[in-house]
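Down below is the structure, laid out as structure tokens.
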Amino acid sequence: MINANTPETLSELERLQSEIKRLKRENYQLESKANSYRKKYLRYHAFFEISSDPFYITTYPGPPTENYPNPRDYLKQWKIVEVNNTATRIMGYSKKQLAALSLDDIATHNASKSKQARSIMTELVNPIEKGQMFNIERDHIDCRGNKIEVEIKGQAVSIGGVKYVASLARDISDRKKLEKEILKSYRLEKHCRQMLQREIANRIEFTRTLVHELKSPLTPILASSEALLNREKPDSLNAELARNIYHGAKSLNACISELLDLAKSEISGLTLHKISLLLNPLILEIAGELTPYIQSHKQELILDLPEQLPAVLADPERIKQVLRNLLNNAVKYNRGKGLITLRAWTRDSLVTISVHDQGRGICKKDQLNLFKPYFRCPQDRAGTEGLGIGLALSKQLIELHSGEICIRSARDKGTTVIFTLPVFSDTGRTSGKQDD
């Protein structure tokens with residue numbers, strides 16, 4: 001019989017009681033840790049399940065060795081350990097079924113073995129070995145055999161001292177479809193652009209050939225009629241006939257030149273040779289050139305110019321062409337014995353030039369179409385000659401000079417055509433946009 005009151009027994013009881021207390025404390029601490037881990041697990045599991053993309057946790061067998069010469073054999077070692085509910089819904093498998101599969105079972109293998117092996121090493125294994133996140137695009141196959149294009153992002157994780165791979169597989173089928181449509185559209189646009197360039201080249205060549213064929217017979221007609229004018233007496237019948245031939249040929253030659261210029265402007269083939277240009281001498285030159293023509297129609301040209309206009313950066317021949325067009329139109333559509341006023345002034349770093357006639361004016365409806373090629377007001381088609389390209393070409397030329405052109409007209413009050421040119425600054429540039 002053990003005597004409970006002996007010193008040895010009492011000492012042993014105290015030791016056991018102390019051990020029990022220590023074990024209770026450790027047990028409490030372990031239980032607290034277990035509760036903490038349980039809460040963390042529930043939080044992470046909630047994140048795991050809440051993802052709208054399939055989430056996979058697979059084993060990681062390490063880099064491929066000679067034991068796995070075939071990429072598919074290597075991918076079979078990537079066993080699926082855990083998936084979220086989204087993966088089961090999209091792939092059509094249960095969690096238990098997916099846990100019995102490997103990456104080899106859900107991936108397509110359309111590429112050659114060598115290409116697959118290189119891809120696995122460069123896109124998957126190398127980033128994992130370096131502790132980096134990988135990002136690859138692959139095709140997954142669901143339980144029904146349907147292909148799903150996915151973008152996979154993942155990284156190696158250590159769980160209980162064992163390395164696994166956690167990855168998200170986002171469905172990018174819609175994005176890939178859109179990319180294919182964009183690529184198809186780009187190729188179609190490229191094909192159409194190449195066809196357009198060929199058509200432009202063909203049109204340029206056709207226009208050049210046409211102008212050459214039309215102008216070739218005009219050259220001897222102009223030369224011969226001019227020679228006859230110089231030989232015959234001014235008031236003779238032969239001189240009048242030669243004059244009619246000369247003016248008719250000259251008018252036709254000008255129309256052909258305008259047609260060529262308009263065609264060039266429409267395909268961006270019209271070039272300018274700009275210089276620093278003073279407009280007063282140029283305007284006076286054109287006025288002197290056209291005064292006999294204006295007077296022959298019993299009209300009068302009035303110039304309202306400042307003593308000196310500032311210089312502009314412009315092609316003098318093209319500006320002359322614009323002024324000729326505007327003054328010719330003013331003569332054609334002016335009233336008998338009417339006045340034509342050419343004014344010029346400077347304001348806000350712009351030189352503005354206007355040509356006003358006293359004709360019957362243009363209705364607002366027709367004003368909207370005046371700068372369109374080949375447009376002519378219905379009431380003017382029978383009474384005046386022309387192709388309706390002068391204003392369209394003038395607009396193109398002024399805009400190439402970074403200027404603007406507009407028309408102001410009212411019935412029985414005449415018509416005013418106004419255009420602007422940027423002033424040439426001290427720095428060698430126009431104050432507006434400069435074209436090369």
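The values are calculated or read from the model by the stated rules, or taken from the named source; none is laboratory data. From a predicted model like this one, the values you see are computed outputs, not experimental measurements. Cβ atoms come from the backbone with ideal geometry, glycine included; neighbour counts cover every protein chain shown. Heads up: the accessible areas ignore ligands, DNA and RNA and are worked out on the full protein's heavy atoms, side chains in. Shrake-Rupley method; radii C 1.70, N 1.55, O 1.52, S 1.80 Å.
With respect to being modelled with pLDDT of 85 or more, within 44 Å of the chain's Cα centre (by Cα) and open to solvent by 70 Å² or more (accessible area, probe 1.4 Å), Pro310 falls outside the description. All conditions in (1) out of contact with any helix residue (DSSP H, G or I) (no Cβ under 7 Å at 6 or more places or on another chain); (2) farther than 19 Å from Tyr60 by Cβ hold for Cys143, with the sole exception of (1).
Residues that are closer than 24 Å to Lys176 by Cα: list the strands (runs of 3 or more DSSP E) wholly contained in the range 58-165 that include at least 2 such residues. So that I can check it myself, show each step before the final result.
Details: elements: 80-83, 134-141, 147-159.
The strands (runs of 3 or more DSSP E) meeting that bar are 134-141, 147-159.
Among the residues of the range 304-338, those identified as part of a helix (DSSP H, G or I) and not hydrophobic (A, V, I, L, M, F, W, C) are Pro316, Glu317, Arg318, Lys320, Gln321, Arg324, Asn325, Asn328, Asn329, Lys332, Tyr333.
Give me a count of the residues in the range 386-415 that are at positive phi and either buried (at least 21 other Cβ atoms within 10 Å of the Cβ) or in contact (Cβ under 8 Å) with a residue 24 or more places away in the chain (or both).
So in the range 386-415, the residues at positive phi come out as 386, 388, 402, 412, 414.
With either buried (at least 21 other Cβ atoms within 10 Å of the Cβ) or in contact (Cβ under 8 Å) with a residue 24 or more places away in the chain (or both) added as a condition, the list becomes 386, 402, 412, 414.
The number of residues fulfilling the criteria is 4.
Checking each residue of the range 121-140 against the condition of being over 21 Å from Pro64 (Cα atoms), at pLDDT 90 or above and not acidic (Asp, Glu) gives at least one match.
Looking only at the range 313-348, residues that are out of contact with any Gly (no Cβ under 6 Å at 6 or more places or on another chain), farther than 18 Å from Leu277 by Cα and open to solvent by 40 Å² or more (accessible area, probe 1.4 Å) come to 6 in all. One residue stands out among those in the range 123-142 that are over 21 Å from Ile106 (Cβ atoms) and among the polar types (S, T, N, Q): the one that is nearest to the chain's Cα centre (by Cα), which is Gln132.
Does Val312 satisfy the condition of being in contact with a helix residue (DSSP H, G or I) (Cβ under 8 Å, 6 or more places away or on another chain) and under 17 Å from Thr416 (Cα atoms)? Please lay out each step first, then the result.
Numbers: in contact with a helix residue (DSSP H, G or I) (Cβ under 8 Å, 6 or more places away or on another chain): yes; under 17 Å from Thr416 (Cα atoms): no.
Answer is no for this residue.
Condition first: open to solvent by less than 50 Å² (accessible area, probe 1.4 Å) and not in a strand (DSSP E or B). Can you find one or more residues in the range 349-360 that meet it? If you could, list the steps in order and put the result at the bottom.
If we filter the range 349-360 for residues that are open to solvent by less than 50 Å² (accessible area, probe 1.4 Å), which is where we start, we get 351-355, 357, 359.
Those left that are additionally not in a strand (DSSP E or B): 359.
Yes, the range 349-360 has at least one match.
Considering only the range 58-69, I want to know if a residue exists there that is in contact with a Ser or Thr (Cβ under 8 Å, 6 or more places away or on another chain) and either modelled with pLDDT of 90 or more or of a type in the set (Phe, Trp, Tyr) (or both). Yes: the range 58-69 contains one or more residues that are in contact with a Ser or Thr (Cβ under 8 Å, 6 or more places away or on another chain) and either modelled with pLDDT of 90 or more or of a type in the set (Phe, Trp, Tyr) (or both).
Here the range 143-176 is the region considered, the condition is being surrounded by fewer than 15 Cβ atoms within 10 Å (Cβ to Cβ) and under 31 Å from the mean Cα position of the chain (by Cα), and the residue that is nearest to Leu101 (Cα to Cα) is Ser173. Taking the criterion of being closer than 23 Å to Ser257 by Cα, of a type in the set (S, T, N, Q) and open to solvent by less than 90 Å² (accessible area, probe 1.4 Å), the residues of the range 186-212 that qualify are Thr207, Thr209. Considering each residue of the range 296-306 in turn, at least one proves to be in contact with a Lys or Arg (Cβ under 9 Å, 6 or more places away or on another chain), over 22 Å from Leu400 (Cα atoms) and of a type in the set (Lys, Arg). Filtered by the rule that a residue be under 22 Å from Asp348 (Cα atoms), surrounded by 14 or more Cβ atoms within 10 Å (Cβ to Cβ) and not hydrophobic (A, V, I, L, M, F, W, C), the range 279-307 gives a lone residue, Asn280.
Here's the yes/no breakdown for (1) open to solvent by less than 80 Å² (accessible area, probe 1.4 Å); (2) under 41 Å from the mean Cα position of the chain (by Cα):
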residue	(1), (2)
Glu232	yes, no
Ser236	yes, no
Asn244	no, no
Asn253	yes, yes
Leu260	yes, yes
Thr271	no, yes
